[in-house]
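Written below as structure tokens is the structure these notes are about.
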Amino acid sequence: MHVSTVTTTPFVGQRPGTSGLRKKVKVFQEQHYLENFVQATLNTLGDVAGQTLVVGGDGRFYNREAIQIILRMAAAHGFKRVLVGQDGILSTPATSCVIRKYDALGGFILSASHNPAGPDEDFGIKYNVNNGGPAPESFTENIYHNTTSITSYRILEGVADIDLSQQGEVQLGDMQIQIIDAVTDYAELMQEIFDFPAIKDLLAHDFSIAFDAMSAVTGPYAQVIFEDILGAPQGTVMNGEALEDFGGGHPDPNLTYAKDLVDKMYADDAPDFGAASDGDGDRNMILGNRFFVNPSDSLAVLAANAHLVKGYQGGISGVARSMPTSGAVDKVAEKLGLECFETPTGWKFFGNLMDAGRVTLCGEESFGTGSDHVREKDGLWAVLFWLNILAVRQESVESILVSHWSEFGRNFYSRHDYEAVDSAAAQQVMDTVRSNFAQLQGQQLAGRNVRLCDDFSYTDPIDASISSGQGLRILFADGSRIIFRLSGTGTAGATIRIYLESFEQDPTQHGLDAQDALADLIAAADSISNLKSLTGREKPSVIT
Ligand code: G1P
Ligand code: ZN
């Protein structure tokens with residue numbers, strides 16, 4: 001066993017995006033590819049001697065190989081101890097929980113979130129810092145600069161692979177590896193926050209639930225939490241076995257991809273409550289019996305009902321949402337007298353606000369909701385939060401939403417995604433929208449007055465860092481919005497996202513369907529972007 005310094009050359013494009021570095025597995029399998037990125041991260045960290053590191057992933061194809069490489073590089077750099085989930089498994093929120101609980105320097109998360117997995121699909125890696133949250137932009141930029149000039153990496157050689165299938169301690173050189181149960185620490189944290197006996201009681205009294213783990217990482221967590229601890233019947237967890245290729249599926253909890261759950265929740269004998277999570281466990285979709293809860297509304301409902309939940313009884317300090325997320329939570333904040341922040345897309349922007357104690361709850365329209373219990377969005381946490389509210393209020397999901405809207409008004413909301421569009425065409429769509437800005441300002445569009453058109457820019461209230469170019473906004477005088485943004489997480493071509501919103505104080509003037517209520521804005525979005533003819537697409541790939 002010896003530490004080797006291996007000569008290498010830079011790869012082009014190892015720039016971490018919204019959620020780390022994501023590429024095809026085949027790219028990660030190229031010689032030195034993963035090693036270069038890990039070394040660039042370790043260079044950014046500097047002296048790590050004596051520190052603790054956390055490593056885990058969503059179990060997708062190449063997870064095991066990647067973990068062995070990271071362990072040997074960590075040992076070569078003098079880490080004192082590494083905590084690894086058994087079989088290399090840790091959901092993203094569980095990793096955040098473990099980093100915080102054991103005061104680790106940080107952790108590597110191996111995941112490409114909801115992107116499909118398997119030898120021909122996606123892999124990803126990201127580094128989370130000591131607060132348990134994604135590394136800030138200055139840190140990831142530093143990693144990127146390191147990747148462009150790297151000449152060597154350091155790794156322990158002449159050692160066998162570590163057996164990660166048994167919990168316990170093993171030595172790797174001078175470094176101690178602790179293989180921990182993936183679920184225990186996380187499940188303990190959930191029991192501190194939520195009233196498990198009340199939820200157990202709800203589930204024991206004719207209240208049925210279904211949870212779709214989509215053959216990804218939340219399967220083992222959901223089985224322990226819902227079936228073992230909360231006593232839900234066996235089979236409550238659908239697609240509960242975490243598979244290396246996620247069963248060939250696309251584990252993104254939305255109405256298109258979580259088809260098994262949606263079919264079940266819209267069937268004649270639908271359960272009272274349904275939920276799904278994504279590949280790495282940070283997203284959530286909430287459904288009632290034949291009823292879809294828009295994620296923006298879900299955040300607002302959690303904020304309005306937080307006082308009913310043990311962990312938030314003392315009150316919440318403030319709320320935050322990403323810019324494209326609907327303003328439903330703003331209405332709640334206004335009424336409760338809470339600070340409300342509007343940040344760019346991506347969870348990393350919430351970290352500073354939470355660390356400073358300014359924000360307790362935060363969320364994104366993209367099925368991400370969370371709180372300051374960890375520094376990642378957290379799928380199962382959101383599901384438990386809903387169940388806790390349902391246990392206290394003893395109402396249906398639909399009735400909770402309807403009474404929420406009658407109290408706060410309703411933000412009709414939808415997101416239209418055009419996936420895997422030709423990159424040049426996507427750029428043309430954005431340029432077309434921007435070129436219309438000057439002439440739209442102060443004019444009528446979709447029967448409303450345009451108040452302002454801009455490209456969203458954010459100044460972090462804590463560290464004053466500026467993030468510009470975060471999405472093209474058309475803001476109307478009546479509070480409606482149309483937003484155009486290019487995805488930062490796709491791996492094939494470009495994905496155009498159009499976010500549409502209108503506010504109604506009295507939502508009973510409309511039916512329940514958001515697409516109907518937003519029809520004029522949807523048509524306007526097409527006309528000012530020329531999207532259909534520029535991309536050749538007739539309709540969105542996904543409508544939320
Ligand atoms: C998407 C979501 C965004 C989320 C990110 C990571 O990013 O839209 O809200 O933070 O995934 O889960 P996008 O592809 O839009 O850049
Ligand atoms: Zn995810």
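Within region 300-337, being of a type outside the set (D, E, K, R) and within 25 Å of I466 (Cβ to Cβ) holds for S317, G318, V319, A320, S322, M323, P324, T325, S326, G327, V329, A333.
Look at (1) more than 16 Å from ligand 1 (Cβ to nearest atom); (2) touching a residue at least 60 places away in the same chain (Cβ under 8 Å); (3) open to solvent by less than 60 Å² (accessible area, probe 1.4 Å) and you find that Y499 fails only one, number (1). Looking at D47, D122, just one residue is surrounded by 24 or more Cβ atoms within 10 Å (Cβ to Cβ) and out of contact with any His (no Cβ under 7 Å at 6 or more places or on another chain), and that residue is D122.
When the criteria are applied in full, A112 meets the requirement of being within 20 Å of G370 (Cβ to Cβ) and part of a loop (DSSP other than H, G, I, E, B). Regarding R72, is this residue in a helix (DSSP H, G or I), basic (K, R), on the phi < 0 side of the Ramachandran plot and buried (at least 21 other Cβ atoms within 10 Å of the Cβ)? Yes, satisfied.
Does at least one position in region 188-210 carry a residue that is buried (at least 19 other Cβ atoms within 10 Å of the Cβ) and closer than 20 Å to H114 by Cβ? Looking for residues that are buried (at least 19 other Cβ atoms within 10 Å of the Cβ) and closer than 20 Å to H114 by Cβ, one finds at least one in region 188-210, hence yes. Applying the criterion of being more than 15 Å from ligand 1 (Cβ to nearest atom), under 17 Å from the mean Cα position of the chain (by Cα) and among the hydrophobic types (A, V, I, L, M, F, W, C) to the residues of region 118-154, the residue that is farthest from Q39 (Cα to Cα) is F123. Taking the conditions exactly as written (away from ligand 2 (no atom under 16 Å from the Cβ) and assigned to a strand (DSSP E or B)), does E342 satisfy them or not? Answer is yes for this residue. Which residue pairs have Cβ atoms under 9 Å apart, sit 6 or more places apart or on different chains, and have a first residue in region 214-234 that is under 15 Å from P197 (Cβ atoms) and a second that is modelled with pLDDT under 95 and surrounded by fewer than 24 Cβ atoms within 10 Å (Cβ to Cβ)? Qualifying pairs under 9 Å: none. Suppose we keep only residues that are over 19 Å from the mean Cα position of the chain (by Cα) and closer than 28 Å to D122 by Cβ within region 469-491. Which one would you say is surrounded by the fewest Cβ atoms within 10 Å (Cβ to Cβ)? Filtering first and then ranking leaves G469.
Filtered by the rule that a residue be within 23 Å of F61 (Cα to Cα) and touching an Asp or Glu at 6+ places or on another chain (Cβ under 7 Å), region 261-280 gives A276, D278, G279, D280.
Let's see how each residue does on (1) among the hydrophobic types (A, V, I, L, M, F, W, C); (2) more than 15 Å from G106 (Cβ to Cβ):
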{"site": "M1", "(1), (2)": "yes, yes"}
{"site": "S4", "(1), (2)": "no, yes"}
{"site": "G17", "(1), (2)": "no, yes"}
{"site": "K24", "(1), (2)": "no, yes"}
{"site": "H32", "(1), (2)": "no, yes"}
{"site": "E35", "(1), (2)": "no, yes"}
{"site": "T52", "(1), (2)": "no, no"}
{"site": "R60", "(1), (2)": "no, yes"}
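Here the condition is being in contact with a Gly (Cβ under 9 Å, 6 or more places away or on another chain), farther than 23 Å from V359 by Cβ and at pLDDT 95 or above; of F484, F476, it holds for F484 alone.
Taken as a whole, region 374-396 holds no residue that is under 29 Å from S480 (Cβ atoms), part of a loop (DSSP other than H, G, I, E, B) and more than 16 Å from ligand 2 (Cβ to nearest atom). Selection of region 447-468 for residues being open to solvent by 60 Å² or more (accessible area, probe 1.4 Å), aliphatic (A, V, I, L, M) and free of Cβ contacts under 8 Å to residues at least 24 places away in the same chain yields A464, I466.
If the condition is being open to solvent by 10 Å² or more (accessible area, probe 1.4 Å) and more than 10 Å from ligand 2 (Cβ to nearest atom), then region 276-293 contributes N289, R290, F291, F292. Only one of the numbered conditions (1) under 18 Å from the mean Cα position of the chain (by Cα); (2) within 25 Å of G279 (Cα to Cα); (3) open to solvent by 10 Å² or more (accessible area, probe 1.4 Å) is not met by F350, and that is (3). Scanning region 134-166 for residues that are open to solvent by 50 Å² or more (accessible area, probe 1.4 Å) and within 25 Å of P16 (Cα to Cα) turns up P136, E137, S138, E141, N142, H145, T148, S149, T151, R154.
Summed over region 1-28, residues that are away from ligand 2 (no atom under 16 Å from the Cβ) and over 17 Å from P116 (Cβ atoms) total 15. Considering region 29-59, and only residues there that are of a type in the set (D, E) and under 28 Å from A216 (Cβ atoms), the residue that is nearest to ligand 2 (Cβ to nearest atom) turns out to be D58.
The values are calculated or read from the model by the stated rules, or taken from the named source; none is laboratory data. Everything numeric here is computed off the predicted structure, so don't read it as measured data. Here Cβ is always computed from backbone atoms with ideal geometry, including for glycine, and neighbour counts include all displayed protein chains. Surface areas here come from the heavy atoms of the whole protein model, side chains and all, with no ligands, DNA or RNA. Shrake-Rupley method; radii C 1.70, N 1.55, O 1.52, S 1.80 Å.
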